[in-house]
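Novice: To start, I am sharing the structure in question, which I have written as structure tokens.
Laboratory data are not the source of any read-out in this text; all were calculated from the coordinates shown. These numbers come from a predicted model, not from an experiment. Using ideal geometry, Cβ is built from the backbone for each residue, glycine included, and neighbour counts are taken over all protein chains shown.
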Amino acid sequence: MALPLDYETLRIIWWGLLGVLLIGFALTDGFDLGVTALLPFVARDDAERRMVINSISATWEGNQVWFILGGGAIFAAWPFVYAVSFSGFYLAMFVVLAALILRPVGFKYRSKKPDPGWRSRWDWALFIGGFVPALVFGVAVGNVLTGIPFRLDGDLRAFYDGSFLGLFHPFSLLAGLLSVAMLVLHGASWLAIKVEHGPVHDRATRYGAIAAVLSVALFAIGGLMVWKGGMGFRIAGAVDALGPSNPRMTATVAAAGAWLDNYGRHPWMIVAPLLGFAGPLAALLGIRRKHEALAFGGSSLGAFGIIATVGLSMFPFILPSSIDPASSLTVWNSSSSHLTLFVMLLVTLVFLPIVLLYTAWVYKVLFGRVTAKDVASNPDYY
Amino acid sequence: MDMAIIELSRLQFALTALYHFLFVPLTLGLSFILVIMESIYVMTGREIWRTVTRFWGKLFGINFVLGVATGITMEFQFGTNWSYFSHYVGDIFGAPLAIEGLMAFFLEATFVGLMFFGWDKLSRLAHLFTTFMVAVGSNLSALWILVANGWMQHPVGSRFNPETMRMEVTDFMSVLFNPVAQAKFVHTVSAGYVTASVFVLGVSAWYLLRGRWTAVAKRSFTVAAAFGLASSLSVVVLGDESGYALTDNQKMKLAALEAMWHTEPAPAGIAIFGLPSLQGRETHFEVKIPYVLGLIATRSLTGEVTGIYELVAKAESRIESGIVAYDAVERLKVDRNDIAARERFETHKLDLGHAMLLKRFAADPRQATPEQIERAAWSTVPNVPVMFWVFRVMAGLGFFFIAFFLVAFYFSTRRRFDARWFLRAAVFIIPLPWIAAEFGWILAEVGRQPWAIEGVLPTFLGASSLTVPQLWTTIIGFTLLYGTLAVIEVRLMLAAIRKGPDEKHHDEEAEDGVVGGYAPLPAE
């Protein structure tokens, strides 16, 4: 069957959609992670904590689907990436899943008993459910940039040399902290929009301002480390963008500094890192000027810019291998078949707009600030 | 190939999947029961039905969050623990999982928040719509998961591509309309409806026994009795067997659950008792009813139900044919333009998976001895005694639920809510649908062994390259976490049931037909 889009175009589209999903996750569930990571610090007593929790209680569940869908879409469109990354990051993945499992129960069960000890334990569970995934996602991205110690054999079975503790090195820790700062800023900006003016609001913006400054600083240091550390990989020899998805058929080498190559070839790509800086700065300005829409817009743009920077710097690499560069996964060698990419694109084009539409409707229904009065009087609130 | 890695990976998958499925059936069924209850509220405008809906909605919520929490693990476990499986079939298997997220889980999860928090923000009709979307979303979710699982049982619409060393899709429509997947979907969601009906009926019966919340309990009893009768008929009549006649391995599953070692002249009898022995490959103390199995399995008097010995002989010849395909793939790896190898591959490719069964007994399937081939052929027989008994328990419970709901339906139409023996029984049988559902999954998945993808990829080749300590870390970790959460969940559920609805309806009032008032209580 002749498909109206060629394999190369579909691979690029799906690389873009991978970015859309990751950014969609960061922009929506990102603020939930940030809000729960801030929970014990911005809210001191039970009434305050309930305000914070109820600022996201009705929508976090839908937001989390971006993460689930991200997993499913990587599986469907980039099966090699799904197979290699999640098993390669085995224990890190377990830590993330265990932390995320605490969230649904934390939100729901906390309110079921008035006992302060019970509630305080769930508050810390929610904190773990926000902070730990934010950190580990960043650490994982840091490791992807430096390369993952895996190789593929002739049957394309993946083997690993790494260890759990090996994931934590200066660059990946920096990436982890950047991820935390970025999502905490986003969560603080959300609270600034969603919670009534008062002590919680004030504390949230204060933490937000700190997180904004840290985001800019860590992003700059990260950029310097990529540049001075000479990180990067390059494909040696001819690229067959229409070829079969078989990593053993492409030749890849580690090449110092190659992560900056794309900006020389396509100067427009510099927009991404610029947004990575401008976004948090705009958020900081919004916080200072008490312009909350600007704060949230700025933190959103910042997350967009930072994630896009990672993707564009690495293109066409998705998962480079540090021990066997020839096993590296790229846009050209690790996708699903032509037909699957095409069918899944159609499905996405039909359903993603519908999802965005009803999500917008739900946010519209729930529009407005959470007040201490609501929390005290509405029996449905957590 | 370290079998400890395989066994531990299977153990973890079984534990997390069976645990996940403790919460799923109630979500599937209770969501539709909520839709029914809320529809009555919207149509009649009687506040008591709002109270009924909100009460069961609260229990729904306590259960729902654990379904979500444990579902997160499932979505990623293929990648973490079954890495080679994910590579080998991701081209087909990943699609239904992604579509599940996009069209089902998004719907369910986005609207569920509004369902809980939207009572005073939405009109009655808009709130009913929200509840309906949650029910549609969770049931569509089951559809896509079972499309994925159905493909593992009956892998249609795909072929092996030696250039990418994996299965690739050739026909999406046949994957979507896979008859095994369709049968499984109907069977599974019906089982969920039965579970929820038994739950609602049991809890209502407990209130009736105690004389508490009787206005809520009687209405809930009536809804559950009718919904339960319809779904218990559906779960048995539209049961799972329609797929068994399709392929060798589903035939093997049928033969195994019947412990039918040899083909019998049609129509075959069904064993209602027996002690199957794996060593002797025979069944002791068998008690058979003639003709019934042949009628059920083939829906004819002449259709044959193939026995295990005959299926093993067939597997042996498929292994021999598969070795040719395996050899061709190895040659194509060296030279993708080897035309002779390509031709041999095309002729024998359907049996490639069978050659891979040999990897458990021989390093290179091409060097396998006849004795190893025979062992590999016998490895296609799943655990017959487990299959035999698990099936009998599950099917027996299925028939029991029909009888149970017939009685419940009779009492509810006569408006007799005082038969204490029945109310007591209704409380005691609450755990039974969960046993039936879990046994159903054990039957389906143990029955698929030794395959991860039937006839395509043996389970023992699908696992990730992990270490035993890594696996124990996660198995113990998940067990502790899940165990703690299970204890908390059950306690909260019992507390919520003991507490009853938030809204105060004086039962006498409701009995007199007075519409009860609603006053929001401050949160706890």
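Novice: Under a straight-distance cross-link criterion of Cα-Cα below 20 Å, which lysines are reachable from B:K184, leaving out those fewer than 8 residues away in the same chain?
Specialist: Cα-Cα hits under 20 Å: B:K251, B:K253.
Novice: Quick check: pseudo-label points 7 Å beyond the Cα along Cα→Cβ at B:T479 and A:D155, how many nm apart are they?
Specialist: 2.9
Novice: Kindly write out, for region A:72-77 in residue order, the coupling ³J(HN,Hα) from the Karplus curve 6.51 cos²θ - 1.76 cosθ + 1.60 (θ = phi - 60°), rounded to whole Hz, with x marking Gly and Pro.
Specialist: Residue by residue, region A:72-77 yields x, 5, 5, 4, 6, 9 Hz.
Novice: Now for a different question. So which trypsin sites (Lys or Arg not before Pro) in region B:322-373 pass both tests, a DSSP loop state and at most 15 other Cβ atoms within 10 Å of the Cβ?
Specialist: Counting only loop positions with at most 15 other Cβ atoms within 10 Å, the trypsin sites (Lys or Arg not before Pro) in region B:322-373 are B:R336.
Novice: Can you tell which of B:T467, B:P365, B:G192 lies farthest toward the positive end of the dipole of chain B, using +1 and -1 charges on the Cβ of basic and acidic side chains (Lys, Arg; Asp, Glu)?
Specialist: The residue sitting most towards the positive pole is B:G192.
Novice: Here is a further query. Taking 2.2 N^0.38 Å as the expected size of a compact globular protein, what ratio does the Cα radius of gyration of the protein assembly as shown give against it, to two decimals?
Specialist: Expressed relative to 2.2 N^0.38 Å, the Cα Rg reads 0.98.
Novice: First measure r as the distance between the Cβ atoms of A:A376 and B:I289, then evaluate 1/(1 + (r/R0)^6) with R0 = 56 Å and state the FRET efficiency to the nearest 0.05.
Specialist: 0.25
Novice: Please state the charge dipole magnitude for the protein assembly as shown, taken about the Cα centre, from unit charges on C-beta atoms (+1 on K and R, -1 on D and E), reported in debye and rounded to the nearest 20.
Specialist: For the protein assembly as shown, the charge dipole is close to 2240 debye.
Novice: Charges on Cβ only, +1 for Lys and Arg, -1 for Asp and Glu, centred on the Cα centroid of the protein assembly as shown; of A:V253, A:G311, B:I92, which one is farthest towards the dipole's positive end?
Specialist: A:G311
Novice: Where the only charges are on Cβ atoms (+1 Lys, Arg; -1 Asp, Glu), what is the dipole of chain B about its Cα centre, to the nearest 20 debye?
Specialist: 1340
Novice: Could you calculate, for region A:144-194, the ratio of the Cα radius of gyration to the Kirkwood radius, expressed as Rg to Rh?
Specialist: Answer for region A:144-194: 1.25.
Novice: Could you please state, rounded to a whole Å, how far the C-alpha centre of region B:1-60 is from the C-alpha centre of region A:125-142?
Specialist: 28
Novice: A follow-up question, please. If r is the Cβ-Cβ distance from B:V237 to B:A425 and R0 is 30 Å, what FRET efficiency results, to the nearest 0.05?
Specialist: Once rounded, the FRET efficiency stands at 0.80.
Novice: Once phi is turned into θ = phi - 60°, what whole-Hz ³J(HN,Hα) does the Karplus curve with 6.51, -1.76 and 1.60 give for every residue of region B:154-168, x standing for Gly and Pro?
Specialist: Each residue of region B:154-168 in turn: 8, x, 8, x, 8, 8, 7, 10, x, 6, 10, 6, 7, 7, 10 Hz.
Novice: Work out the mean other chain Cβ neighbour count within 10 Å for the residues of A:338-351 and drop it here as an integer.
Specialist: Partner-chain Cβ atoms within 10 Å, mean over residues of A:338-351: 4.
Novice: Let me ask another. Could you give me the radius of gyration and the Dmax of chain B, taking only the C-alpha atoms into account and expressing both in angstrom?
Specialist: Values for chain B (Cα only, Rg and Dmax): 25.6, 86 Å.
Novice: On to the next question. Using Cα-Cα distances under 8 Å and only pairs 6 or more residues apart, what relative contact order does chain B have, in percent?
Specialist: 20
Novice: May I pose another question? So what's the back-of-envelope 222 nm ellipticity for the protein assembly as shown, counting only DSSP H runs of four-plus at -39500 (n - 2.57) apiece and dividing by all residues, rounded to 500?
Specialist: -23500 deg cm²/dmol
Novice: Which semi-axis lengths, in whole Å and largest first, follow from the square roots of five times the eigenvalues of the Cα gyration tensor of region A:21-377?
Specialist: 37, 22, 20
Novice: How large is the dipole of region A:274-376 about the Cα centre if only Lys and Arg carry +1 and Asp and Glu carry -1, each at its Cβ, rounded to the nearest 20 debye?
Specialist: My answer is approximately 580 debye.
Novice: Using packing as a proxy for protection, rank A:48-61, B:471-484 so that the peptide with the highest average count of other Cβ atoms within 10 Å comes first.
Specialist: Packing proxy ranking, top to bottom: A:48-61, B:471-484.
Novice: What do you get for chymotrypsin sites (Phe, Trp or Tyr not before Pro) in region B:172-241 restricted to DSSP loop and a cutoff of at most 14 other Cβ within 10 Å of the site's Cβ?
Specialist: Loop-located and lightly packed - B:F177.
Novice: Also: Can you give the extra length, in nm with one decimal, that the chain gains between A:E8 and A:I270 once fully stretched, where that is 0.36 nm per residue apart less the Cα-Cα distance?
Specialist: Stretched out fully, the A:E8 to A:I270 stretch lengthens by 91.9 nm.
Novice: Something else about it: What list of ³J(HN,Hα) values in whole Hz, one per residue of region B:180-191 in order, does the Karplus curve 6.51 cos²θ - 1.76 cosθ + 1.60 (θ = phi - 60°) give from phi, with Gly and Pro shown as x?
Specialist: For region B:180-191, the Karplus curve yields 5, 5, 4, 4, 5, 4, 4, 4, 5, 5, 4, 4 Hz.
Novice: Can you tell me the Rg and Dmax of region A:1-136, counting just the alpha carbons, in angstroms?
Specialist: 18.1, 64
Novice: Label points 7 Å out from Cα along the Cβ direction at A:A254 and B:V487: separation in nm?
Specialist: Taking the two extended label points, one gets 4.8 nm.
Novice: Taking amide H positions as placed 1.01 Å from N in the peptide plane, with prolines and chain starts having none, which residues 5 or more places from B:A452, or on another chain, fall under 5 Å of its amide H?
Specialist: The answer is B:L457, B:T459.
Novice: Scan around B:R166 for amide H atoms under 5 Å from its own, H built in the peptide plane at 1.01 Å from N, and keep only partners 5 or more places away or cross-chain.
Specialist: Those lying under 5 Å, H to H, from B:R166 are B:N161.
Novice: While we're on this one: Amide H of B:E282 versus every other amide H placed in the peptide plane: which residues, excluding those fewer than 5 positions away on the same chain, fall under 5 Å?
Specialist: B:S277
Novice: Moving on to the next point. Hey, how many Å between the Cα centroid of region A:275-340 and the Cα centroid of region A:34-113?
Specialist: Centre-to-centre distance over Cα atoms comes out at 20 Å.
Novice: Positive end of the charge dipole of chain B (Lys, Arg +1 and Asp, Glu -1 on Cβ, about the Cα centre): tell me which of B:A217, B:F129, B:N337 has its Cα farthest that way.
Specialist: Positive-end residue among those listed: B:A217.
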